[in-house]
Structures are given as structure tokens and as C-alpha cells.
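The structure appears right after this line, and notes come after that.
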Ligand SMILES: [Zn+2]
Ligand SMILES: [Zn+2]
């Protein structure tokens, strides 16, 4: 199967994963908003057997949200979100933005839209620029 590479911004943490994802979850829950500092988290789920670390595992720090099955793994050098293993150790959860090539995903799903902040609604109506505006 075709694999795709991913890494954190500084390159300390790197991995490769099978580029066949069933779903991309765009999660607007309160925890994902705070963990990302943004409107939603973009997470892909893949079977643990289709995932391999290439380097930098010793640079990863994990924060577990108390009493929830939500955690955040990040590079301690640059702070980028990196993949982590789910609660029953069957899937890797891969932040879509950490992948460096086009992602082959069958379906995109938005979840917890009831918790989405107002400033992140109706984005198609927000003035858009291809790069930084003049
Ligand atoms: Zn890094
Ligand atoms: Zn969430």
C-alpha cells in the first residue's frame, strides 16, 4: 500500500502511514478548540499496523485531558501536534495538517458543531486572500 510521510514543523518528529483513510474528523468541541488554539481539530484515524515512526519519539510530550478519552501529543521542540494512539491502542490518530502530501480520504465529517465558536461560522462568507493581504 502507498505510504505518506508526515512530520512536525521543526522536523524532529517524523513518521509514515498508509495513505488510505476512511474518514477525516473535523472536530469543533471545546477541548479541540483549546488544544489547537483554533476553530477545530482535523484528525485522521488509521489502524495501528499501518503506522510507523521514523524518528523523534523521544521528543514527544503527551497531555491527557482528565477523565476524557482526549489527549494531545506534541513535539516539545516546536509544539506541533503529532500522532497519538487511541485509548484501546488499536488506532493512531493523525493530525491531518502534519502530513506532507495530498491525503487520500474517503469522507470528511464535521463533529461537535454545536460547540463551534461564532467566529468560525460561515467561513465561505469571509473575505479570502490567496496570500497575506496587501
Ligand atoms: Zn518539532
Ligand atoms: Zn474534539
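Laboratory data are not the source of any read-out in this text; all were calculated from the coordinates shown. Everything quoted here is computed from the prediction, not taken from an experiment. Every residue, glycine among them, receives a Cβ derived from its backbone with ideal geometry; neighbour counts consider all protein chains shown.
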Under 17 Å from the residue 3 label point (7 Å along Cα→beta-carbon), backbone N, the stretch 30-63: 46-57
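For an R0 of 25 angstrom, estimate the FRET efficiency from the Cβ-Cβ distance between residue 88 and residue 120 and round to the nearest 0.05.
On the way: r = 31 Å, r/R0 = 1.23.
Rounded to the nearest 0.05, the efficiency is 0.20.
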Alpha-carbon Rg with Dmax, taken over the stretch 3-125, Å: 14.2, 43
Fluctuation leader among 54, 75, 32 - the chain, Gaussian network, Cα springs under 10 angstrom: 54
Most mobile of 59, 23, 91 in a GNM of the chain (Cα contacts under 10 Å): 59
Max mean-square fluctuation residue, GNM over the chain, Cα-Cα springs under 10 Å, options 123, 99, 44: 123
